[in-house]
Amino acid sequence: MTAGKSMHLSALFWAFTRIGLLGFGGGPAMIPLIQQEVVKRHAWLDDDEFADILAIGNTLPGPIATKMPGYIGYRVAGIVGCAIAVLAVILPMIVAMVVMLTIFSRYQDVAWIRGMGQAVVPVVMIMMAQLTLDFWNKSRLALGWIVSLIMASVAGVLIYFLGIHPGWIIGGLLAAALLRPTSPGKEASR
């Protein structure tokens with residue numbers, strides 16, 4: 001194994017271990033942490049690639065907390081990178097879950113234990129709001145604010161009022177983008 005690949009594997013392991021240790025609130029709460037490590041800290045992906053992986057990951061079954069690290073690890077260091085990223089993100093969660101549930105079940109009537117879980121909620125809310133703002137700005141710049149607002153509103157109605165799973169909506173948009181006819185000028189420039 002080359003020194004460069006070994007450095008990538010080490011960086012992958014520590015990046016996803018940090019995510020696994022700090023990802024309170026489950027998969028969706030981990031997305032901003034993954035973006036911070038993968039896009040901003042290590043520059044393994046740019047914002048567009050990250051958004052694409054997130055969109056496709058949301059259409060597939062299973063937890064986003066393992067799909068994204070698996071693909072990102074594969075992109076950075078192949079199959080070994082995939083395995084290391086997934087293991088690094090899930091092992092801290094498994095250990096933390098066993099320890100925390102053991103403590104919680106033993107001391108669930110203690111006020112500070114109960115408050116500990118409640119105190120994490122506002123922090124996760126701010127992290128999700130920051131990610132939402134980042135995606136809003138990206139959408140607004142790519143599509144314009146009117147189209148972005150219309151698409152967000154329609155998606156909101158479909159998800160929250162009609163109960164359609166977000167994966168179906170994202171899959172439909174991906175299919176529409178793939179099936180959309182391209183003009184001859186755009187085809188020639190590819």
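The values are calculated or read from the model by the stated rules, or taken from the named source; none is laboratory data. Note that this is a predicted model, so its numbers are computed, not measured. Here the Cβ positions follow ideal geometry from the backbone for every residue, glycine too, while neighbour counts run over all protein chains shown.
What to note about this one:
Okay, residues lined up against (1) surrounded by 18 or more Cβ atoms within 10 Å (Cβ to Cβ); (2) of a type outside the set (S, T, N, Q); (3) in contact (Cβ under 8 Å) with a residue 40 or more places away in the chain:
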site	(1), (2), (3)
K40	no, yes, no
A43	no, yes, no
D46	no, yes, no
L60	no, yes, yes
A65	yes, yes, yes
P69	yes, yes, yes
Y74	no, yes, no
I79	no, yes, no
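- Residue pairs whose Cβ atoms lie under 9 Å apart, sitting 6 or more positions apart in sequence or on different chains, and linking a residue in segment 125-148 that is under 18 Å from E37 (Cβ atoms) to a partner that is outside any helix (DSSP H, G or I), are M127/G25; M128/G25.
- Test: I103 is surrounded by 11 or more Cβ atoms within 10 Å (Cβ to Cβ), closer than 30 Å to A176 by Cβ and of a type in the set (A, V, I, L, M, F, W, C): no
- For segment 62-95, a residue qualifies if it is under 14 Å from H8 (Cα atoms) and of a type in the set (A, V, I, L, M), and the qualifying residues are I72, V76, A77, I79, V80, A83, I84, A85, A88.
- Some residue of segment 108-124 being within 19 Å of L54 (Cα to Cα) and not acidic (D, E): yes
- Number of the exception - V39 against (1) closer than 15 Å to I19 by Cα; (2) not in a helix (DSSP H, G or I): (2)
- Members of segment 130-152 that are of a type in the set (S, T, Y) and out of contact with any helix residue (DSSP H, G or I) (no Cβ under 8 Å at 6 or more places or on another chain): T132
- Among residues of segment 137-151, those that are surrounded by 14 or more Cβ atoms within 10 Å (Cβ to Cβ) and at pLDDT 90 or above, counted: 4
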